[in-house]
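Novice: My questions all concern the structure below.
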Amino acid sequence: MVINEMHAHDLFGELGLLTKKPRSTSAIARTKSEVLVIPARAFLKIIQQEPQFAISILEMTANRSQVSSERESALVFMDAQARLAHLLLELDKQEADTGYITISQDELAHRTGLIRQTVAKALGKWRRQGYLLTGRGRIVLLNHKSLRELENQLIV
């Protein structure tokens with residue numbers, strides 16, 4: 001399952017350095033990438049000497065914690081369709097509400113904790129209901145209101 005998505009210039013691995021506890025996560029790059037490794041001593045020295053950097057790290061960590069909490073709530077309190085609708089609306093928001101999303105069914109499944117068949121079934125149903133259009137790795141949202149209603153359904 002995809003837990004977090006990083007973009008150019010993002011920082012990760014700071015929790016392991018700050019807590020001095022090794023983490024057992026992995027990262028996979030989808031595009032050609034370069035990674036700069038900062039040794040723990042150097043990182044901690046910068047934190048001590050540069051208060052603004054330390055504040056930035058705290059803000060970033062707090063934001064990630066909030067996003068993680070929202071994702072955990074979605075997994076616990078939302079059914080499959082609500083999780084999928086939630087993710088589609090979030091992805092649309094990241095694309096400035098264009099209604100056009102480029103993502104595969106496999107990726108949707110990974111990011112929602114569902115199996116691909118469940119994603120395909122929901123997308124097919126929503127396509128027939130006129131909520132969206134689907135194509136190879138592309139989704140066009142047509143009915144945001146209906147998707148928001150699905151998103152707000154909690155598990156009973």
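The values are calculated or read from the model by the stated rules, or taken from the named source; none is laboratory data. Quantities reported herein were computed from a predicted structural model and do not represent experimental measurements. Please note: Cβ atoms are built from the backbone with ideal geometry, for glycine as well, and neighbour counts cover all protein chains shown.
Novice: For the stretch 50-70, which residues satisfy the criterion of being touching a residue at least 60 places away in the same chain (Cβ under 8 Å) and over 18 Å from GLY13 (Cβ atoms)? Spell out how you get there, then give the answer.
Specialist: At the first step, the residues of the stretch 50-70 found to be touching a residue at least 60 places away in the same chain (Cβ under 8 Å) are 64, 67-68.
Those that are touching a residue at least 60 places away in the same chain (Cβ under 8 Å) and over 18 Å from GLY13 (Cβ atoms): none in the stretch 50-70.
Novice: Is it the case that some residue within the stretch 107-116 is modelled with pLDDT under 85 and assigned by TED's automatic domain parsing to the domain that holds LEU133?
Specialist: First pass over the stretch 107-116, keeping only residues modelled with pLDDT under 85: none.
Scanning the stretch 107-116, I find no residue that is modelled with pLDDT under 85 and assigned by TED's automatic domain parsing to the domain that holds LEU133, so the answer is no.
Novice: Exactly one condition in (1) closer than 30 Å to ARG127 by Cα; (2) surrounded by 15 or more Cβ atoms within 10 Å (Cβ to Cβ) is not met by VAL67; state its number.
Specialist: (2)
Novice: Could you please find all residues in the stretch 50-64 being modelled with pLDDT under 90 and either buried (at least 17 other Cβ atoms within 10 Å of the Cβ) or under 13 Å from the mean Cα position of the chain (by Cα) (or both)?
Specialist: ASN63, ARG64
Novice: Can we say LYS121 is of a type in the set (D, E, K, R), free of Cβ contacts under 8 Å to residues at least 12 places away in the same chain and surrounded by 13 or more Cβ atoms within 10 Å (Cβ to Cβ)? It would help to see each step written out before you state the result.
Specialist: On the way: of a type in the set (D, E, K, R): yes; free of Cβ contacts under 8 Å to residues at least 12 places away in the same chain: yes; surrounded by 13 or more Cβ atoms within 10 Å (Cβ to Cβ): yes.
It is true that LYS121 is of a type in the set (D, E, K, R), free of Cβ contacts under 8 Å to residues at least 12 places away in the same chain and surrounded by 13 or more Cβ atoms within 10 Å (Cβ to Cβ).
Novice: Please find, among ALA96, ALA109, the residue that is closer than 22 Å to VAL67 by Cα, touching a Lys or Arg at 6+ places or on another chain (Cβ under 8 Å) and free of Cβ contacts under 8 Å to residues at least 12 places away in the same chain. Quick ask: steps written out before the conclusion?
Specialist: Numbers: ALA96 fails: touching a Lys or Arg at 6+ places or on another chain (Cβ under 8 Å).
Testing whether each residue is closer than 22 Å to VAL67 by Cα, touching a Lys or Arg at 6+ places or on another chain (Cβ under 8 Å) and free of Cβ contacts under 8 Å to residues at least 12 places away in the same chain leaves just ALA109.
Novice: Right, something else. Any chance the stretch 112-134 includes a residue that's charged (D, E, K, R), closer than 19 Å to ARG148 by Cβ, under 18 Å from the mean Cα position of the chain (by Cα) and in a helix (DSSP H, G or I)?
Specialist: no
Novice: Check LEU150 against each of (1) closer than 17 Å to GLU5 by Cβ; (2) out of contact with any Lys or Arg (no Cβ under 6 Å at 6 or more places or on another chain); (3) touching a residue at least 24 places away in the same chain (Cβ under 8 Å) and name the one condition it does not meet.
Specialist: With respect to (1) closer than 17 Å to GLU5 by Cβ; (2) out of contact with any Lys or Arg (no Cβ under 6 Å at 6 or more places or on another chain); (3) touching a residue at least 24 places away in the same chain (Cβ under 8 Å), LEU150 is out only on (1).
Novice: If you take the residues of the stretch 124-139 that are in contact (Cβ under 8 Å) with a residue 12 or more places away in the chain and surrounded by 13 or more Cβ atoms within 10 Å (Cβ to Cβ), which of them is nearest to ALA82 (Cα to Cα)?
Specialist: First pass over the stretch 124-139, keeping only residues in contact (Cβ under 8 Å) with a residue 12 or more places away in the chain: 126, 129-132, 137-139.
Narrowing further to those that are surrounded by 13 or more Cβ atoms within 10 Å (Cβ to Cβ): 126, 131-132, 139.
Working: TRP126: 12, TYR131: 14, LEU132: 15, ILE139: 17 Å.
Selected residue: TRP126.
Novice: OK, next. Restricting to the stretch 1-49, name every residue that is in a helix (DSSP H, G or I) and within 20 Å of the chain's Cα centre (by Cα). So that I can check it myself, show each step before the final result.
Specialist: Applying the first criterion (in a helix (DSSP H, G or I)) to the stretch 1-49 yields 14-19, 40-49.
Selection gives GLU14, LEU15.
Novice: Sticking with this one: Restricting the stretch 70-98 to residues that are modelled with pLDDT under 85 and more than 15 Å from the chain's Cα centre (by Cα), which is nearest to LEU150 (Cα to Cα)?
Specialist: Taking the candidates together, the pick is MET78.
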